[in-house]
Amino acid sequence: NAGVTQTPKFRILKIGQSMTLQCAQDMNHNYMYWYRQDPGMGLKLIYYSVGAGITDKGEVPNGYNVSRSTTEDFPLRLELAAPSQTSVYFCASSYSTDLGGYTFGSGTRLTVV
Amino acid sequence: RKEVEQDPGPFNVPEGATVAFNCTYSNSASQSFFWYRQDCRKEPKLLMSVYSSGNEDGRFTAQLNRASQYISLLIRDSKLSDSATYLCVVNPPYSGAGSYQLTFGKGTKLSVIP
């Protein structure tokens, strides 16, 4: 099993550009999450999904969009990139928050210049 | 009171030392608890779950004190490889939409020095 796979690992965007961060899991987890982590800071939840076709906002959703058309995939879309979106983005999935917590992907390091 | 609070450190300890971290949480009805480890520039990884009876995994011991609403992590015989940031994580009680998510502390940084 690959676990949670994120692509790309690194990306530099110009202000105003758009991109999609990909996240895929092969563990048949219903719950998936997107976090961002700024240098020296904690994780902040952007969006999450409790199953295919269901998504909801987290703590910092502005400037982002998500979709969940399948159980496996949970892409994060950045529209009109801004320097404030420079961060490390982690995708995670879980079967249940009660049992063993989350499995994280290795992250995407995004720089907006 | 923040949902999950940790001393950010850094804790600088010599190899072989014993070090303990505490974490407090605000919601007394929280259901489950975890410690995660995050290495520099890497993703968080589950270190261990924390049970009411306490649990031990090798050099690591986790304890839960529901009455005082804190959890602890004890690391014995510290190794250089233990250097990382340790995240306290709490599963709050179900309260409708938006509940299916863990609450992460900001982490405590540990540096083990030769």
Query raised in the report: Using 1/(1 + (r/R0)^6) with R0 = 45 angstrom and r between the beta carbons of A:Ser18 and B:Asn12, what's the FRET efficiency to the nearest 0.05?
Result: 0.55
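For chain B, what does the alpha-carbon gyration tensor say about shape, rounded, prolate or oblate, given a ≥ b ≥ c as the root eigenvalues, a/c under 1.5 as rounded, and a/b over b/c as prolate?
Judged from the Cα gyration tensor, chain B comes out prolate (a/c at least 1.5, a/b above b/c).
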Query - Inter-site label distance for A:Asp38 and A:Arg77 at 7 Å from Cα along Cβ, in nm - result: 2.6
Query raised in the report: In this model, which of B:Lys45/B:Lys109; A:Lys44/B:Lys45; A:Lys9/B:Lys45; A:Lys14/B:Lys106; B:Lys45/B:Lys79 are farther than 26 Å apart at the alpha-carbon?
Result: A:Lys14/B:Lys106
Report summary line: Computed over chain B, the relative contact order (Cα-Cα under 8 Å, seq sep at least six) in percent reads 37
Report task. Take the Cα of B:Lys79, step 7 Å along the line toward its Cβ, and report every residue of segment B:42-68 whose backbone nitrogen sits under 16 Å from that point. Result -> B:47-48, B:57-61
Report summary line: Loop-resident chymotrypsin sites (Phe, Trp or Tyr not before Pro) in segment B:2-62 with no more than 15 other Cβ atoms inside 10 Å, DSSP not H/G/I/E/B, are B:Tyr51
Requested in this report: Please state the charge dipole magnitude for segment B:43-114, taken about the Cα centre, from unit charges on C-beta atoms (+1 on K and R, -1 on D and E), reported in debye and rounded to the nearest 20.
Outcome: 140
Report summary line: On the formula 1/(1 + (r/R0)^6), with r taken between the Cβ atoms of A:Lys9 and B:Ile113 and R0 of 22 Å, the FRET efficiency rounded to 0.05 is 0.10
Report summary line: Relative contact order in percent for segment A:1-101 (Cα pairs under 8 Å, 6+ apart) equals 33
Requested in this report: At a temperature of 4 °C and a viscosity of 1.567 mPa s, determine how fast the protein assembly as shown diffuses translationally according to Stokes-Einstein, using the Kirkwood radius over alpha-carbon pairs as Rh; express D in µm²/s, rounded to the nearest whole number.
Outcome: 71
Query raised in the report: Exposure proxy check: B:Lys79, B:Lys109, B:Lys42, A:Lys14 ranked by fewest other beta carbons within 10 Å?
Result: A:Lys14, B:Lys79, B:Lys42, B:Lys109
Query - Alpha-carbon gyration tensor eigenvalues x 5, square-rooted, for chain A, Å - result: 23, 14, 13
**Report entry** Residues A:Tyr31, A:Tyr102, sorted so that the one with the fewest Cβ neighbours within 10 Å comes first
**Finding:** A:Tyr31, A:Tyr102
Query - Which of A:Thr70, B:Thr85 has the fewest Cβ neighbours within 10 Å, and the rest in rising order - result: A:Thr70, B:Thr85
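Where a number appears in this text, it was derived from the coordinates with a stated rule and is not lab data. These figures come from a predicted structure and were not determined experimentally. Because the Cβ atoms are built from the backbone with ideal geometry, glycine has one as well, and the counts that use them run over all protein chains shown.
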